[in-house]
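Just below is one structure, and these are the notes that go with it.
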Amino acid sequence: MALTNTPKMPFHVAVCGGGIGGLCTAIGLLHNNVPCTLYESAAAFEEIGAGVSFGPNAIRAMNLLDPEIKIGYDRIATKNAWPEKQKFWFDFNLGMKEEAWEKTGMKAPGKDGLRVAQVVAGDVGQCSVHRAHFLDVLVKLIPEGVAKLGKRVENVEKKGEKMVLTFGDGTHAEADAVIGCDGVKSRTRQILLGESHENTDPTFTGKYAYRGLIPMEKAVEVLGDELARNAQMHMGHHGHVLTFPIENGRTMNVVAFRTKDGEWGNEKWVLPMKKEDMFRDFAGWGDSVMSILPLMEKPDVWALFDHPPAPTYYKGCLAILGDAAHASTPHQGAGAGQAIEDAYIISNLLGQVDSVDDIEKAFKAYDTIRRPRSQKVVTTSRDASYIYEFEDETLGSDLKMIKETLEKRYDWIWDEDMPNQLEQAQNVMALKRNL
Ligand SMILES: Cc1cc2nc3c(=O)[nH]c(=O)nc-3n(C[C@H](O)[C@H](O)[C@H](O)COP(=O)(O)OP(=O)(O)OC[C@H]3O[C@@H](n4cnc5c(N)ncnc54)[C@H](O)[C@@H]3O)c2cc1C
């Protein structure tokens, strides 16, 4: 069913930010007959040219938000090529040579290339898209007139009965409620939590990543069919390299992670990459990694930040969602999925609000149900990197324990029952209403 912005609810919502979180929220609101306007700071909707993968929970949430999202996603999604690997999220392999292990002071847990684990992700397995193509799927579902581009939200304040937004171009807009979906450097998060609040600023996680793409033919030439066409994680001390196919298998997406002590030390979080830095970082790594790195096209380097747990995701009629609320490292491939889950819950709750006075109750229910889960994703995501990089104090380099842990540690994310989560949120909202 084509969406329209024909108002039914007696209130209007401003959605700030047109990434995956903001677009999914706008789609969800319109399905629930909640009129909304989406304000995006950039002059056009854009995403970086890299892959993003979604777990079974995120794909189910897409379908619940709007089956057209799932249909569009399925059209562009790429899975592992080998039928026997279709349900695997990643094959986990050792990625460093034994001599390199010696330099770390750790005993080599095995030979380069040794298979450590194969993790099954429901019946979905590894399922990835090119970010820009997925954004296109979402943008096409937004009816004319809903999105306003070139609108950088600088301030949100309550004036009388209305929320007033002030934009960088000096203009203003009014709404009854505001949902901030403006990413990890969120302005709305600052407004909600306070500018010098210790819970506001993103924190450098001690990890950074080189990202790039490789034409699949070249990848197959150097890695062979199995390693190139099916998702792989090459693990080593203080680093790991992951690869997965995107664009219907025409391209291999690469992310090569390293650990850095101390602060990031640069205002910019994404920098052009110097290849010599990357080669130095991975000196002594194994055959697969050493054949992947030189082939990475247009690579850049990303500092990885996440958020300390916010004490609340709403205040009055302002709420935050997606990375604005709980920016996470990518180590579980779950950050964008959490934004989609948020969008499903908040839009359905607002769809049951019949007066402006009840908006806050919907936000309270959203906060109660979404905050614990999304913040657990942030902390377990950091923890996951410690396992992949042999920094976990309990597991160390015990491959048997690492295998057992990896094989079950993501199930709580992937198995989530979203309709049940919505029901819980609705119950919270009903209780609040009856008080
Ligand atoms: C290296 C890396 C790999 C990742 N891989 C995965 C993965 O495989 N799977 C996964 O699920 N997640 C992954 N993530 C996380 C995922 O990218 C994010 O969780 C997701 O993109 C967040 O979406 P969002 O809409 O909340 O924020 P964003 O995508 O950051 O969108 C925010 C939008 O708001 C706009 N904006 C910003 N400020 C303002 C303002 N003041 N006013 C108006 N508009 C504004 C921006 O222009 C942007 O369009 C990864 C992250 C990184 C860093």
Hey, among the residues in the stretch 146-158 that are part of a loop (DSSP other than H, G, I, E, B) and open to solvent by less than 50 Å² (accessible area, probe 1.4 Å), which one's nearest to the ligand (Cβ to nearest atom)?
Lys151
Gly105 fails exactly one of the following numbered conditions: (1) within 16 Å of the ligand (Cβ to nearest atom); (2) open to solvent by 60 Å² or more (accessible area, probe 1.4 Å). What is the number of that condition?
(1)
Residue check for Val301: open to solvent by 10 Å² or more (accessible area, probe 1.4 Å), on the phi < 0 side of the Ramachandran plot and of a type in the set (Val, Ile, Thr)
yes
Tell me the residue from Asp398, Asp392, Asp357, Asp342 that is in contact with a Phe, Trp or Tyr (Cβ under 9 Å, 6 or more places away or on another chain), of a type in the set (Asp, Glu) and surrounded by fewer than 20 Cβ atoms within 10 Å (Cβ to Cβ), please.
Asp392
Any idea how many residues of the stretch 78-107 are free of Cβ contacts under 8 Å to residues at least 60 places away in the same chain, on the phi < 0 side of the Ramachandran plot and more than 32 Å from the chain's Cα centre (by Cα)?
2
Residues satisfying the stated conditions in the stretch 278-308, i.e. over 19 Å from Met235 (Cα atoms) and not hydrophobic (A, V, I, L, M, F, W, C)
Glu297, Lys298, Pro299, Asp300, Asp306, His307, Pro308
What number of residues in the stretch 204-228 are at pLDDT 95 or above and in a strand (DSSP E or B)?
9
Only one residue in Asn63, Asn57, Asn32 is free of Cβ contacts under 8 Å to residues at least 40 places away in the same chain and in contact with a helix residue (DSSP H, G or I) (Cβ under 6 Å, 6 or more places away or on another chain), so which one is that?
Asn63
Look at the stretch 285-342 and say how many of its residues are within 10 Å of the ligand (Cβ to nearest atom), under 30 Å from Ile214 (Cα atoms) and among the small types (Gly, Ala, Ser).
10
Count - residues of the stretch 168-188 that are under 25 Å from Glu47 (Cβ atoms) and more than 10 Å from the ligand (Cβ to nearest atom)
4
Restricting attention to the stretch 322-338, which residues are assigned to a helix (DSSP H, G or I) and open to solvent by 10 Å² or more (accessible area, probe 1.4 Å)?
Asp323, Gly335, Ala336
From the residues in the stretch 15-53 that are within 11 Å of Ile340 (Cα to Cα) and within 6 Å of the ligand (Cβ to nearest atom), which one is surrounded by the most Cβ atoms within 10 Å (Cβ to Cβ)?
Gly22
Within the stretch 269-276, is even one residue near the ligand (Cβ under 10 Å from one of its atoms) and open to solvent by 30 Å² or more (accessible area, probe 1.4 Å)?
yes
Answer yes or no as to whether Ile59 is surrounded by fewer than 18 Cβ atoms within 10 Å (Cβ to Cβ), part of a helix (DSSP H, G or I) and among the aliphatic types (A, V, I, L, M).
no
Taking the conditions exactly as written (more than 16 Å from the ligand (Cβ to nearest atom) and in a helix (DSSP H, G or I)), does Asp91 satisfy them or not?
no
Contact list, first residue from the stretch 182-197 and touching a residue at least 60 places away in the same chain (Cβ under 8 Å) and of a type outside the set (S, T, N, Q), second anywhere and outside any loop (DSSP other than H, G, I, E, B) and open to solvent by 50 Å² or more (accessible area, probe 1.4 Å), beta-carbon distance below 6 Å, six or more apart or interchain, is Gly183/Asp323; Val184/Asp323; Leu192/Lys315
Restricting to the stretch 401-425, and then to whatever is touching a residue at least 24 places away in the same chain (Cβ under 8 Å) and either in contact with a His (Cβ under 8 Å, 6 or more places away or on another chain) or not in a helix (DSSP H, G or I) (or both), can you tell me which residue is surrounded by the fewest Cβ atoms within 10 Å (Cβ to Cβ)?
Asp415
With Gly180, Gly110, Gly170, Gly122 as the choices, which residue is surrounded by fewer than 20 Cβ atoms within 10 Å (Cβ to Cβ) and more than 30 Å from Glu391 (Cβ to Cβ)?
Gly170
Please count how many residues of the stretch 339-354 are assigned to a helix (DSSP H, G or I) and among the polar types (S, T, N, Q).
2
Quick one: which of Leu141, Leu192, Leu165, Leu135 is modelled with pLDDT of 95 or more, away from the ligand (no atom under 14 Å from the Cβ) and buried (at least 18 other Cβ atoms within 10 Å of the Cβ)?
Leu141
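The values are calculated or read from the model by the stated rules, or taken from the named source; none is laboratory data. This structure is a prediction, so every number in the text was calculated from the model and none was measured. Please note: Cβ atoms are built from the backbone with ideal geometry, for glycine as well, and neighbour counts cover all protein chains shown. Ligands, DNA and RNA are excluded from the accessible area calculation, which covers all protein heavy atoms including side chains. Shrake-Rupley method; radii C 1.70, N 1.55, O 1.52, S 1.80 Å.
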